[in-house]
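**Q** Following this message is one structure expressed as structure tokens.
The values are calculated or read from the model by the stated rules, or taken from the named source; none is laboratory data. Please read all numbers here as calculations on a predicted model, not as lab measurements. We place every Cβ from the backbone using ideal geometry, glycine too, and count neighbours over all the protein chains shown.
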Amino acid sequence: MKRTTPKTVGELMEQLFKSPNIAAKIAEGSLPDIWRRVVGPVVAEQTRQVRLVRGVLFVHITSAIMRNELMMRRDALVRAINKEAGIDIVAQLIVQ
């Protein structure tokens, strides 16, 4: 058996969290916080539900005016969410 150089626990944890499957699950769990950072507190207050199903982010907004504005900015929001998450987790955004 060939020996490798020893690694610290921190280095091993960093490698684990950078693996695509783990990074996607972590980003999925933090989607409500990412949503708040991307859209801001005013829109976040009107948001009632944020859920991800097979790459499609469903967001329920109570204000019709904000809903229309967000629907027009869907592509930019998807890019901003993926950038904030550090991984391409959202492929499509549906605003309800």
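**Q** Being within 10 Å of the chain's Cα centre (by Cα), surrounded by 12 or more Cβ atoms within 10 Å (Cβ to Cβ), modelled with pLDDT of 90 or more and under 24 Å from ILE26 (Cβ atoms) is the requirement here; does ILE81 meet it?
**A** Here the answer is yes, as ILE81 does meet what is asked.
**Q** Mind counting the residues in segment 57-72 that are more than 14 Å from ALA91 (Cα to Cα) and either acidic (Asp, Glu) or under 18 Å from the mean Cα position of the chain (by Cα) (or both)?
**A** Count: 5.
**Q** Assess whether LYS7 counts as being over 24 Å from ILE87 (Cβ atoms) and modelled with pLDDT under 90.
**A** Here the answer is no, as LYS7 does not meet what is asked.
**Q** Hey, among the residues in segment 25-56 that are touching a Phe, Trp or Tyr at 6+ places or on another chain (Cβ under 8 Å) and either surrounded by fewer than 13 Cβ atoms within 10 Å (Cβ to Cβ) or not hydroxyl-bearing (Ser, Thr, Tyr) (or both), which one's farthest from ALA91 (Cα to Cα)?
**A** Out of the qualifying residues, it is ALA44.
**Q** Then there is this: Name the residue, out of ARG67, ARG74, that is modelled with pLDDT of 90 or more, farther than 29 Å from ILE22 by Cα and not small (Gly, Ala, Ser).
**A** Only one candidate qualifies: ARG67.
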